1. Could you pull out every one of the lysines with an alpha carbon less than 22 Å from that of A:LYS33, ignoring same-chain neighbours closer than 8 positions?
2. Note down, for the protein assembly as shown, the three equivalent ellipsoid semi-axes (square root of 5 times each alpha carbon gyration tensor eigenvalue), biggest first, whole angstrom.
3. Evaluate region B:135-250: find the radius of gyration of its Cα atoms, find its Kirkwood radius, and give the ratio Rg to Rh.
4. Kindly write out, for region B:43-48 in residue order, the coupling ³J(HN,Hα) from the Karplus curve 6.51 cos²θ - 1.76 cosθ + 1.60 (θ = phi - 60°), rounded to whole Hz, with x marking Gly and Pro.
5. What is the mean number of Cβ atoms from other protein chains located within 10 Å of the Cβ atom of each residue in peptide B:90-103, rounded to a whole number?
6. May I ask you to give the average projected area over all directions of the convex hull of the Cα atoms of region A:1-114, in nm² rounded to one decimal?
7. In peptide B:209-221, how many Cβ atoms from other protein chains are near each Cβ within 10 Å, on average?
8. What is the ratio of the Cα radius of gyration of region B:1-105 to 2.2 N^0.38 Å, where N is its residue count, to two decimals?
Amino acid sequence: MKNAKEVVVEKSLMLIAFSAIFMLFLIAVFIFKEGSPLIFKIGLKNFILSAKWSPLEGQFGILAMIIGSLWITAGALVIGVPLGLGCAILLSEFLPRGITAFLKPTIELLAGIPSVVYGFIGVVVLVPFIRERFGGPGLSVLAGSIILGIMILPTIISISIDALQAVPRSYREGSLALGATQWQTISMVTLKAARSGILASIILGMGRAVGETMAVIMVAGNAVKIPNSIFNPARTLTTNIALEMGFATGDHRAALFATGVVLFVIIMILNILANYAFGKRK
Amino acid sequence: MNAIEVKNLSLHYGSFQALKNVNVQFQEKMITALIGPSGCGKSTLLRCLNRMNDLIEGVKITGVVNFRDINIYAPGTDVVELRRHVGMVFQRPNPFPLSVFDNVAYGLRVHQEMKKIQLSAIVERSLQATGLWDDLKDKLSETATELPLYQQQLLCITRLIAIEPKVILMDEPCSALDPIATAKIEELMLELKKKYTIVIVTHNMQQAARVSDYSGFMLMGELIEFNKTGRIFTNPDDKRTQDYITGRFG
Ligand SMILES: Nc1ncnc2c1ncn2[C@@H]1O[C@H](COP(=O)(O)OP(=O)(O)OP(=O)(O)O)[C@@H](O)[C@H]1O
Ligand SMILES: [Mg+2]
């Protein structure tokens with residue numbers, strides 16, 4: 001029999017848990033309630049397939065932002081995935097356990113640096129560098145991609161190391177005992193055995209890149225125009241909301257919420273994919 | 001003929017000495033069993049023969065292990081090449097999480113570029129040699145880690161003989177298997193002996209008596225006695241061997 005005290009504790013914990021979930025649910029409902037009417041009003045096609053964004057004239061096409069997000073996220077992955085995976089392989093397969101045990105938490109700490117700091121470093125160091133080297137404003141897709149590529153490194157490295165370290169030692173021994181080199185062992189056995197965890201790390205990193213706002217506002221230039229080179233400025237879905245929410249009213253405000261709906265759906269899909277990848281590991 | 005000759009081999013894990021001045025010779029195309037109580041250093045000795053102990057941090061090894069008259073602990077030894085010739089079967093079956101085919105083809109792919117047809121032929125021949133072909137010929141693309149345990153262990157032997165090593169080291173290969181599967185593996189070992197030199201670590205005294213030609217009895221890092229298996233099991237020289245064989249300790 002549970003005593004009364006236990007019952008009270010249990011019930012109140014339940015209440016707290018449920019209210020937290022309920023709040024998240026309310027936020028989701030709120031975003032959809034505010035955003036979806038506009039999508040219905042102007043039509044989904046006009047909303048996401050038109051690049052005309054001029055709120056004052058009642059034109060709300062977010063294609064430029066979708067493409068901006070795509071470019072910058074893809075760029076972040078091009079930079080972050082090889083670097084992150086390389087780092088994870090080095091840490092898990094080559095360095096002594098003791099060093100890895102120290103370096104891994106250190107890298108995870110990098111995830112805690114506020115994004116405005118990353119953005120600031122980008123503005124001070126990276127943007128002038130790109131401007132001087134490659135011309136253009138410097139504020140660009142490239143700058144956004146590099147900063148985001150660095151920002152997603154801790155996610156990719158940390159989860160990939162976990163995945164690699166979860167690969168049984170006996171697989172590696174089996175491979176080495178057949179006369180495989182360490183590289184062959186890593187590429188033909190270890191990476192294959194860890195692939196779903198690694199995939200999950202990439203998807204989670206991608207989610208972070210899609211959702212990041214502050215650092216991107218600071219370095220990507222924010223022009224509402226489909227970028228046609230990596231040296232062009234671009235605006236992403238998140239930065240669109242952040243930049244205009246201060247003065248948006250009426251349909252304009254609804255259009256920003258609708259942008260939020262699109263983001264919400266993208267992040268949901270990424271999370272489902274990541275969960276699926278994680279689930280397959282068993 | 002000696003396949004492997006061990007001279008004055010000592011091994012330390014950190015400050016703990018696990019092998020003490022071991023001297024032994026493993027005859028070509030014979031089965032040699034290493035027996036002894038738990039923790040006496042059987043696996044450690046076995047893993048010295050293909051330098052698997054190199055993978056453990058803090059291991060110090062002194063002495064000589066000659067494989068085909070060359071000391072494998074001499075500086076500059078190609079460990080990868082060594083392991084290609086001195087393969088190992090582990091206690092827990094450890095097929096790769098790849099298909100049956102890819103498991104058997106693994107060693108071949110690692111060692112040379114091979115045409116697909118050639119590869120298939122060798123995979124088939126190897127599976128036939130271990131008696132797995134009939135059971136698995138329709139399951140070549142299934143994931144090996146989902147096979148029954150005894151098939152997994154046979155597959156591990158198969159992927160080894162696919163690259164035709166000279167020596168096969170087996171560390172308690174049957175300890176995870178039931179008696180029927182154990183009998184199958186023992187039968188296979190007697191068959192493989194025609195082509196390969198086999199060193200097997202076993203806890204199972206009957207197994208050592210059944211399959212091996214020579215036996216070595218180890219105790220606390222020392223090789224106490226080494227002789228023809230018949231002799232070890234009927235009339236050992238050392239009292240400690242006698243005690244172990246008759247089950248008085250261990
Ligand atoms: N990686 C290691 N680090 C430190 N000590 C170890 C290590 N591996 C083994 N040892 C120690 O070395 C001794 C010999 O171990 P080994 O595994 O060779 O014994 P074994 O005869 O194979 O025993 P078992 O029959 O239980 O498999 C044991 O005392 C063990 O505790
Ligand atoms: Mg052992």
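The numbers here are math on the coordinates, done by the rules we state, and not lab data. Here the structure is a predicted model, which is why all the values come from computation and not from measurement. Neighbour counts are summed over all protein chains in view; Cβ atoms, including those assigned to glycine, are modelled from backbone coordinates with ideal geometry.
1. The reachable lysines, counting only those whose Cα sits under 22 Å from A:LYS33, are A:LYS41, A:LYS45.
2. Rounded to whole Å, the semi-axes are 62, 26, 23.
3. Looking at region B:135-250, the ratio lands at 1.03.
4. 4, 4, 4, 4, 6, 6
5. Partner Cβ neighbours, averaged per residue: 4.
6. Average of the hull's projected areas for region A:1-114 equals 14.6 nm².
7. 0
8. In units of the globular-protein estimate, region B:1-105 measures up at 1.15.
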